[in-house]
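K.L.:
The structure that follows is given in the form of structure tokens.
The values are calculated or read from the model by the stated rules, or taken from the named source; none is laboratory data. Worth saying up front: this structure is predicted, and the values here are computed from it rather than measured. Using ideal geometry, Cβ is built from the backbone for each residue, glycine included, and neighbour counts are taken over all protein chains shown.
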Amino acid sequence: MSDTPTTPDRIVDEARRRRSFAVISHPDAGKSTLTEALALHAQVIDSAGAVHGKSGRKGVTSDWMEMERQRGISVSSAVLQFEYSGAVINLLDTPGHGDFSEDTYRVLAAVDAAVMLLDAAKGLEPQTLKLFDVCRSRHIPVITFVNKWDRPGREALELLDEVEQTIGLRPMPVTWPLGVAGELRGLIEVSTGEFTRFTRAAGGATRASAEKVEADVIAAEEPDFWSTAQDEIALLAEIGATFDEKDFLSGKATPVLFGAALSNIGVARLLDALVELAPAPSEREDAEGRPRALDAPLSGLVFKVQAGMDKAHRDRMAFLRINSGRFERGMVLTHGATGKPFATKYAQSVFGNQRTTVEEAFPGDIVGLVNANALRPGDTLYSDDAVTFPAIPSFAPEHFAVARTADAGKTKQFRRGIEQLDGEGVIQVLRSDLRGDQAPVLAAVGPLQFDVVAARMASEFSAPIRLDVLPYQIARVTDEAGEAALSSQSECEVLLRSDGVRLAVFSNKWRMEVILRKFPDVPFEPLLAGT
Ligand code: GDP
């Protein structure tokens, strides 16, 4: 425990040092590689590959972990914390791949910035766009990192143009590559013209060595690449692509950096950019829109609840983002939703398969709370001064399946289990009179959520289920008029979510367009992300 006195000044100073962010990307863009490269900078892991356990995982503690291990995926959240350049960096993992789920989106409720990672050959991809939508809706500033510049890809200007045209975010390059993708010589610092050469070691070693080289020296060595880069940088200045902090923080523009995570090119520069440019935690607004001062008594938002991390104890771990005050292990907090006390004797930080006890934490930090069976994503915890933070929205489901009990004698357990998992936010549960109570429709952002429900129903509630996938891909929010209109249409239906929202679900975009045109006066509002 720290002996330093906890003054309001200290809390604000500590908060100011925090940089809490997540990487948003499409599978294979290099998120794991970048996370490992960042972790190596912090020296928190000793060999690449330890982050997600892709190359063997030690300390498997539950079926859950087994499920992860077999599939090479990461269900449990990794929060990597390290000090860099006087700052405390919190990197929150956003599960992607097959494990894409509502949790992936919810993580974005706990960050102050995001790094949008693009594959230089592919540019913006569907999953990146969905996650970007969530960043935009939450006003999260985005730094762009164009990865894999060590191999053939598209042109830098073309990629920037795509970002601007597709998502309306004005690119502001911070570094500029010397050499085309696949023939990268180094990076030019746009504001100063300084050049850093990267030389990749021959053979197995993947980390490139970096050295500062005078402009005239590199200009003589690489005259063609140099003059092209200078022309491009001049063009960028002409079109006003220079850095503007206000536009970055308000989500109108994005600083852009280039590199190759695999060869450790541009990774340190990205860390510097996070420290220099990304915002520290600021006062978060409560549900009434009142900002909560950073040095107010402790408060935080639960953004993720992970079940089954330790099968022996059937515990749940809740991940709390601290919004104000100083967290000290052992404090007794109030759970806003129930008004009940919550003891924080077991507070941990979780990173891959490593867990360490957290003694204290400050705004921007993430604390894993064990024994959190009553906590749900979106819940607030606080110490003295009551506060409620805005709920985390539900996101647009794209996968639908009917759940039925696989054992006719277990209907009670079935109902209880579905209700519990719905309440926990593991899955969205939809119903209709037509389908009846014994056949609810489960709606998910990613198909992994179905596997999680099936596994937990069987193991925790002794109620094995059968799932029949429904041929729907898209959902919109509608009302009673929509319900009436769709009752006579095919390849769609209206279902009631447990929060009372009516969701119109459609087999595909084209079918939806036809129906929207048929009923121009009926509301069919898009949900966040997806659609
Ligand atoms: P994720 O799915 O976004 O986590 O992507 P990974 O980090 O697993 O990377 C996907 C593939 O791209 C792997 O084969 C990586 O080795 C490769 N990769 C990642 N970064 C780079 C890079 O900077 N350059 C090259 N050439 N390959 C990379």
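K.L.:
Need pairs with beta-carbon distance below 7 Å; first residue not assigned by the TED database to the domain that holds residue 91 and within the stretch 259-271, second hydrophobic (A, V, I, L, M, F, W, C) and surrounded by fewer than 21 Cβ atoms within 10 Å (Cβ to Cβ); sequence gap 6+ or separate chains.
P.N.:
Short answer, once both residue conditions are applied: none.
K.L.:
Restricting to the stretch 244-266, name every residue that is at negative phi, more than 16 Å from the ligand (Cβ to nearest atom) and out of contact with any Asp or Glu (no Cβ under 6 Å at 6 or more places or on another chain).
P.N.:
Matches in the stretch 244-266: 244, 245, 246, 247, 248, 249, 250, 252, 254, 255.
K.L.:
Going by what's in this entry, would residue 517 be described as under 25 Å from the mean Cα position of the chain (by Cα) and of a type outside the set (Phe, Trp, Tyr)? Show your work before the answer.
P.N.:
On the way: under 25 Å from the mean Cα position of the chain (by Cα): no; of a type outside the set (Phe, Trp, Tyr): yes.
No; evaluated as a whole, the condition is false for this residue.
K.L.:
Here's something else I'd like to know. Tell me the residue from 134, 107, 174 that is within 16 Å of the ligand (Cβ to nearest atom) and of a type outside the set (Ser, Thr, Tyr), please. Before you say what the answer is, go through the steps one by one.
P.N.:
Values: 134 fails: within 16 Å of the ligand (Cβ to nearest atom); 174 fails: within 16 Å of the ligand (Cβ to nearest atom).
107 is the lone residue from the list that is within 16 Å of the ligand (Cβ to nearest atom) and of a type outside the set (Ser, Thr, Tyr).
K.L.:
Quickly run through the stretch 465-524 and pick out the residues that are surrounded by 15 or more Cβ atoms within 10 Å (Cβ to Cβ), hydrophobic (A, V, I, L, M, F, W, C) and within 30 Å of residue 413 (Cβ to Cβ).
P.N.:
Matches in the stretch 465-524: 465, 467, 470, 475, 494, 495, 496, 501, 503, 505.
K.L.:
Another question about this same structure. Any residue that is more than 31 Å from the chain's Cα centre (by Cα), polar (S, T, N, Q) and not in a helix (DSSP H, G or I) - is there at least one of those in the stretch 450-471?
P.N.:
Yes, the stretch 450-471 has at least one match.
K.L.:
Also, I was wondering about something else. So, residue 430, is that one surrounded by 15 or more Cβ atoms within 10 Å (Cβ to Cβ), touching a residue at least 12 places away in the same chain (Cβ under 8 Å), touching a Phe, Trp or Tyr at 6+ places or on another chain (Cβ under 9 Å) and not assigned by the TED database to the domain that holds residue 104 or not?
P.N.:
Yes, satisfied.
K.L.:
Residues that are crowded, with 18+ Cβ neighbours inside 10 Å and at pLDDT 95 or above: which strands (runs of 3 or more DSSP E) entirely in the stretch 348-421 hold 3 or more of them?
P.N.:
Details: elements: 354-357, 366-369, 380-382, 399-405.
Because the criterion is at least 3 residues that are crowded, with 18+ Cβ neighbours inside 10 Å and at pLDDT 95 or above, the strands (runs of 3 or more DSSP E) in the stretch 348-421 that meet it are 380-382, 399-405.
K.L.:
Confirm whether residue 120 is touching a Phe, Trp or Tyr at 6+ places or on another chain (Cβ under 6 Å) and either within 19 Å of residue 29 (Cβ to Cβ) or buried (at least 16 other Cβ atoms within 10 Å of the Cβ) (or both).
P.N.:
Details: touching a Phe, Trp or Tyr at 6+ places or on another chain (Cβ under 6 Å): yes; either within 19 Å of residue 29 (Cβ to Cβ) or buried (at least 16 other Cβ atoms within 10 Å of the Cβ) (or both): yes.
Answer is yes for this residue.
K.L.:
Quick test for you: out of 155, 183, 189, pick the one residue that is among the charged types (D, E, K, R), within 16 Å of the ligand (Cβ to nearest atom) and on the phi < 0 side of the Ramachandran plot. Outline the logic, then answer.
P.N.:
Details: 155 fails: within 16 Å of the ligand (Cβ to nearest atom); 189 fails: within 16 Å of the ligand (Cβ to nearest atom).
The conditions single out 183.
K.L.:
Now, a different point. Across the stretch 422-449, what is the total count of residues that are under 22 Å from residue 134 (Cβ atoms), in contact with a Leu (Cβ under 8 Å, 6 or more places away or on another chain) and not in a strand (DSSP E or B)?
P.N.:
Counting residues in the stretch 422-449 that are under 22 Å from residue 134 (Cβ atoms), in contact with a Leu (Cβ under 8 Å, 6 or more places away or on another chain) and not in a strand (DSSP E or B) gives 2.
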